[in-house]
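See below for the structure under consideration.
The values are calculated or read from the model by the stated rules, or taken from the named source; none is laboratory data. Everything numeric in this text was worked out from a predicted model, so none of it was measured. Cβ placement follows ideal geometry from the backbone for every residue including glycine, while neighbour counts extend to all protein chains displayed.
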Protein chains: 6
Amino acid sequence: MAGSEEELTGGDLTHFDSRGKARMVDVSAKGDTLREAVARGEVLMKPETLELIAGGTAGKGDVLGVARLAGIMAAKKTGELIPLAHPISLTSVQVDFRLHTPGKVEIQSRVRTTGKTGVEMEALTAVSVAALTIYDMCKAVDRAMTVQNIRLIYKSGGKSGEFRREGEEKWE
Amino acid sequence: MAGSEEELTGGDLTHFDSRGKARMVDVSAKGDTLREAVARGEVLMKPETLELIAGGTAGKGDVLGVARLAGIMAAKKTGELIPLAHPISLTSVQVDFRLHTPGKVEIQSRVRTTGKTGVEMEALTAVSVAALTIYDMCKAVDRAMTVQNIRLIYKSGGKSGEFRREGEEKWE
Amino acid sequence: MAGSEEELTGGDLTHFDSRGKARMVDVSAKGDTLREAVARGEVLMKPETLELIAGGTAGKGDVLGVARLAGIMAAKKTGELIPLAHPISLTSVQVDFRLHTPGKVEIQSRVRTTGKTGVEMEALTAVSVAALTIYDMCKAVDRAMTVQNIRLIYKSGGKSGEFRREGEEKWE
Amino acid sequence: MAGSEEELTGGDLTHFDSRGKARMVDVSAKGDTLREAVARGEVLMKPETLELIAGGTAGKGDVLGVARLAGIMAAKKTGELIPLAHPISLTSVQVDFRLHTPGKVEIQSRVRTTGKTGVEMEALTAVSVAALTIYDMCKAVDRAMTVQNIRLIYKSGGKSGEFRREGEEKWE
Amino acid sequence: MAGSEEELTGGDLTHFDSRGKARMVDVSAKGDTLREAVARGEVLMKPETLELIAGGTAGKGDVLGVARLAGIMAAKKTGELIPLAHPISLTSVQVDFRLHTPGKVEIQSRVRTTGKTGVEMEALTAVSVAALTIYDMCKAVDRAMTVQNIRLIYKSGGKSGEFRREGEEKWE
Amino acid sequence: MAGSEEELTGGDLTHFDSRGKARMVDVSAKGDTLREAVARGEVLMKPETLELIAGGTAGKGDVLGVARLAGIMAAKKTGELIPLAHPISLTSVQVDFRLHTPGKVEIQSRVRTTGKTGVEMEALTAVSVAALTIYDMCKAVDRAMTVQNIRLIYKSGGKSGEFRREGEEKWE
């Protein structure tokens, strides 16, 4: 009745069994190791919108402060949003922003856990929801903003080892 | 003690009051009208990943079926994810996909309500979470996928009227 | 771009479009009417377990009080649990129990709303979670309990009219 | 099988039926009217803690900004937290703070809806969670803070009419 | 002030203390061991309904695919639904179906964790919500379906040892 | 890219980084130890309201039973409510009450976990939501109740050691 399930290797999708049925992959036998993931994304906007956001940090409405919290809180909800994701007890979440004229906000999240499975989805979810929150708070003045280039930058921990996306600048 | 709050006009962000404090905008006085929003986005991937997804609809693991449900369910959670969004009782959610060789999945959501405020955020959230779910299900074979171009395509209903993004092809 | 979706009639499943894709059925055009649903179910158990439950109302541990609350709270979560269910603002939820020797607890829920779609799923969810809660609280003494016969008893309101399951006794 | 339930009058608790069983009170027959509630509470702390909070608005860590968002988001979760509360679609939530030397932060929430039942619990929940968030963010430097005097200040709308607590100063 | 709470033995319900007050049982002192639970249940329906479901796997609407996801996602929500259940980080969830003419769908869930308490409730919740989802998707054509025989089949791990329900066939 | 974050010491708020940006503090490197927290609070009310509550335990409507469950369930939701709180797998939650004539209900919660961070917020959240639930259930007869003196009584486990508030009586 028991019997440990192995992750498939090769070209197959691990979230399906051999008959194509969706499942939460079995990680029961994996060790608890420190795992980290970094993700990034961008919101493109009109220059005036960027100016409103930049001004906010000076006290007129802190768009990025709200988006940062939204991203952190969303990371904790990843297991509810992504159907086959494992629920994970995160041990650290950070969300940062960089503003680029004429009209771009860059978002970076860094997530850690000590657990049995990686936190890539948590990092990507934090970036996505932070981006959506920026959209929400600025949509009254700029409905045509776009969210771009949500991607995994770095991942460490676990059997699959380290991943580091090429050509990505390090944020100080 | 009462007194109805007006949405600010001009270049200001409505999610902040005149002193820069975040708030949920007061929509108490707005009428219940039919509102619709359409959003789109894309996931870029390796050709082999797209082939796995395309093959899945033939029975080896239905990535898009899972992503569709994730998007629909996420639309219902928008009010929990976006800090200042109003909770909205959705009356319709659809999520569709189009596959493009060599390596792109396009996602479209269409959301409706009969309520006091628009459903743009619900449509954008559905697309974002559907995209993240595709990433989750394929990440074991393609960690470098990127989510691109999440954007509002169409919006109708309410005082701010219709929005239609230029240059967007109609999906049949 | 707009265009109202009709519920399919005949032998088809309304939660799928004409190409078999899952969706939340469009109820935007439906009126807000009073809707009610009643559901029932049973938990079968050992006579000693029923005695423990019956005794609890006398002050040694109120299993049914906990199960009642769990059922009421679960009804409010139906839209999160059932993927294609519409989120509904319930206006009334009641959960009642009847004990039958030697070993059966009957559960009944009654749910109401004034809205665009019925509350059958809310009533069935309330009964199911109340039953699971009874199981949880008694499992240390009776792991073999079974949940039986969860069913819709009554439904009114909306275009599909009234449903009344035959042969069901009325609870006073 | 149907039959509208009336709220009990006199000294009885409306959240129980005539046999003492908990239920969600039936508000199906109530009209949709504008309803508002204002609640307040206080966090007492060491003078140094208040100074840290006051300094934060100048850019060293915005405790009140985080607490404000927490309060707004918690108001939306009231129906999940309070077992017999009706789920309500809020149309406005505001959370404000006033600092008093040597060591007190006052919190005020104002919540509105157009619905069938009042929003007192939403207003009180917003204040409570904003207070808990202040505690969380400052507990590393002041574990002995206390949350005091959470109370309803004002309520309007619905059949039970207006409530205004005596002796409460108006916040400009 | 501390002092470890023991689970009561004998005929008592562990979810209540010695004075009959509900509590979350203290499992702090228990070890983290691999725990597994298997649960099953059935949905009885008209033969035509079963045919619609069976046909769906061929591409006209995948009822079982949606129900499977609903069950997996519900397992992750068990701690929110069952009042005194411990929140558990699941390491594996599988949901399977077997169709029997003329009108029965059997559901089986298998859940694993490495933790301090068992996952029976998670397995039973997965089956219950998968069953409710089948009901939801087919109710437009068959309102009289019933959910039957939700039961624990197998449980291992922890101090209470293995449980195996008699007379249950093994699913290959 | 990695590098372990240290908790700041001295007079600073650990939930902000050195530039004042909110974050979830990194506890990845902390050990899993037994942690406990006890919190208390009070609800002040009219004597008649207290009598109704006291009578309820005799079977006319168990206000405290409902509030106890609400507190226990809220403790499990702390990570969703408090923006920068870590999600924690609780191993024990208890909520108790003491009634004092003429008009006071005292609430005490005791929460335990085996984890990397303390459970003070869980204990305080349990007390706060239990208090709000008492308010909700009695507000029809006593709108002027106040929630008072929510405070941490005791805390053990972790590097910051034991905290015991002075002058607090021990509950038997």
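Every condition in (1) more than 10 Å from chain C (Cβ to nearest Cβ); (2) outside any loop (DSSP other than H, G, I, E, B) is met by residue B:158 except one, and the failing one is (2). When F:68, F:19, F:35 are checked against the criterion of being among the basic types (Lys, Arg) and surrounded by fewer than 20 Cβ atoms within 10 Å (Cβ to Cβ), a single residue qualifies: F:19.
When region C:110-126 is examined, which residues are found to be of a type outside the set (A, V, I, L, M) and not in a strand (DSSP E or B)? C:116, C:117, C:118, C:120, C:122, C:125 - these are the residues of region C:110-126 that are of a type outside the set (A, V, I, L, M) and not in a strand (DSSP E or B). Scan F:98, F:112 and give me the residue that is within 21 Å of residue D:82 (Cα to Cα) and of a type outside the set (Gly, Ala, Ser). Exactly one of F:98, F:112 is within 21 Å of residue D:82 (Cα to Cα) and of a type outside the set (Gly, Ala, Ser), namely F:98.
Rundown of residues vs (1) aromatic (Phe, Trp, Tyr); (2) crowded, with 24+ Cβ neighbours inside 10 Å, yes/no style:
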site	(1), (2)
B:106	no, no
B:119	no, yes
B:122	no, yes
B:126	no, yes
B:134	no, yes
B:147	no, yes
B:150	no, yes
B:154	yes, no
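If you check F:66, F:93 for being among the β-branched types (Val, Ile, Thr), in contact with a strand residue (DSSP E or B) (Cβ under 7 Å, 6 or more places away or on another chain), more than 25 Å from residue F:168 (Cβ to Cβ) and touching a residue at least 12 places away in the same chain (Cβ under 8 Å), only one passes: F:66. Selection of region F:108-117 for residues being surrounded by fewer than 24 Cβ atoms within 10 Å (Cβ to Cβ) and either at pLDDT below 95 or acidic (Asp, Glu) (or both) yields F:114, F:116, F:117. Every condition in (1) crowded, with 23+ Cβ neighbours inside 10 Å; (2) without any contact (Cβ under 8 Å) to a residue 24 or more places away in the chain; (3) within 14 Å of chain D (Cβ to nearest Cβ) holds for residue C:163 except the one numbered (1). Residues in region E:137-154 that are in a strand (DSSP E or B), of a type outside the set (Phe, Trp, Tyr) and within 7 Å of another protein chain (Cβ to nearest Cβ): E:146, E:147, E:148, E:149, E:150, E:151, E:152. Taking (1) within 27 Å of residue C:81 (Cβ to Cβ); (2) within 10 Å of chain B (Cβ to nearest Cβ); (3) modelled with pLDDT of 95 or more in turn, residue A:86 satisfies each apart from (2).
Conditions tested, residue by residue: (1) over 16 Å from residue B:22 (Cα atoms); (2) more than 7 Å from every other protein chain (Cβ to nearest Cβ); (3) modelled with pLDDT of 95 or more; (4) within 14 Å of the chain's Cα centre (by Cα).
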site: D:10; (1), (2), (3), (4): yes, yes, no, no
site: D:18; (1), (2), (3), (4): yes, yes, no, no
site: D:33; (1), (2), (3), (4): yes, yes, no, no
site: D:50; (1), (2), (3), (4): yes, yes, yes, no
site: D:60; (1), (2), (3), (4): yes, no, no, no
site: D:69; (1), (2), (3), (4): no, no, yes, yes
site: D:73; (1), (2), (3), (4): no, no, yes, yes
site: D:93; (1), (2), (3), (4): no, no, yes, yes
site: D:105; (1), (2), (3), (4): yes, yes, yes, no
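Looking at A:121, A:145, just one residue is over 26 Å from residue A:51 (Cα atoms) and in contact with a Phe, Trp or Tyr (Cβ under 9 Å, 6 or more places away or on another chain), and that residue is A:121. Quick one: would you say residue D:129 is closer than 26 Å to residue F:125 by Cβ, part of a helix (DSSP H, G or I) and in contact (Cβ under 8 Å) with a residue 12 or more places away in the chain? Yes; evaluated as a whole, the condition is true for this residue. Only one entry in A:164, A:112 is among the charged types (D, E, K, R) and within 12 Å of the chain's Cα centre (by Cα), namely A:112.
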